[in-house]
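Here's the structure we're looking at; comments come further down.
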């Protein structure tokens, strides 16, 4: 019997369907994802089952609706009776690796992972009145940046974080970005993978999730005035359910104040998001290069998708919210088989 193919599952976080070059965006630069779409199946109408991270990822891993697997919101655990794709492939003889963000809280899932790295590397700062943000103990990514001679800061530790809607491009080198680190750890796994055993590698990028902190050349790759127009109208929120307006005006949200943010701030936010997308694409390109260099590409299925989308200023809202609009539910889904024909589905 022929050996089963390797599987590389790549997920982004907060990536909209329409912010890829292959999907018609006139500004974004995503050469590696465009090439992946060009040699595989591009599912142009792929919708996630929930507009929030954890429920959507639980559906991806179990193939079940949130009402069945029970994960309804972030912070909830996947029931121990649920079997995930990682466990299924582990039982089938695959070497299993999870690198980067997975956001799956389940002991069975954890025990089915043979190799793990870069988990929980994004620090979430809570706003402090004294403005003192100090890392008492570095996580593995922060230690990596420190060893490179820099210090990593994010969230409220960044200057003007709230006023700039979380868009604070970093002056660190591009390889000191969190998604560059995920790509590095993915390449390290591929470098030592046993070519005689099929592997399943879930590569979970953290971006382009807010905060929007592209680094290196990606921090200045896009200018605010270049950004495509937002999808909104003058009476946009007035024609929607009241929950949309309450969300926009909420004063305990980390982005409070975006109801009155000027257009220039929204445009700068979008430019930083675009930088994050291009930086993710660059990091993925390095992983695909390593796959080819090791002679594994001809025997590997590559799947790329996202857990959900992003408002990105559409309808006057940034980031994500539990609303069922196209920008939140429609995400990329690219599947490339070895030597498979390109097709649009």
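Bear in mind these aren't lab numbers, they're just calculated from the coordinates by the rules spelled out. Just so we're clear, the structure is a prediction, and the values are computed from it rather than from any experiment. As a convention, Cβ positions derive from the backbone with ideal geometry for all residues, glycine included, and neighbour counts pool all protein chains shown.
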Fill in: For 276, 83, 221, 269, order by how many other beta-carbon atoms lie within 10 Å, fewest first
83, 221, 269, 276
Worksheet item: Cα convex hull of segment 173-238: mean projected area in nm², to one decimal?
Response: 7.6
Worksheet item: Ranking 174, 234 by Cβ neighbours within 10 Å, fewest first, what do you get?
Response: 234, 174
Worksheet entry | Proxy reagent accessibility, fewest Cβ within 10 Å first, across 194, 13 | 194, 13
Worksheet item: Per residue, what volume in Å³ does the convex hull of the Cα atoms of segment 30-131 enclose?
Response: 178
Worksheet item: What shape does segment 219-272 take by its C-alpha gyration tensor, where a ≥ b ≥ c are the square roots of the eigenvalues and a/c under 1.5 counts as rounded, a/b above b/c as prolate, and the rest as oblate?
Response: oblate
Worksheet entry | Reduced Cα scattering model of segment 157-203, Debye log10 I(q)/I(0), q = 0.18, 0.23, 0.31 Å⁻¹ | -0.68, -0.86, -1.09
Worksheet item: Cα convex hull of segment 191-345: mean projected area in nm², to one decimal?
Response: 12.0
Worksheet item: What number in nm² do you get for the chain if you take the convex hull of its Cα atoms and divide its surface by four?
Response: 18.0
Practice prompt. Using every pair of alpha-carbon atoms in segment 151-281, split the distances into 10 Å bins beginning at 0 and state the percent of pairs per bin, rounded to integers.
Written response: 12, 33, 28, 17, 8, 2
Fill in: Rounded to 5, the percent of DSSP beta bridges in the chain classed as antiparallel
25
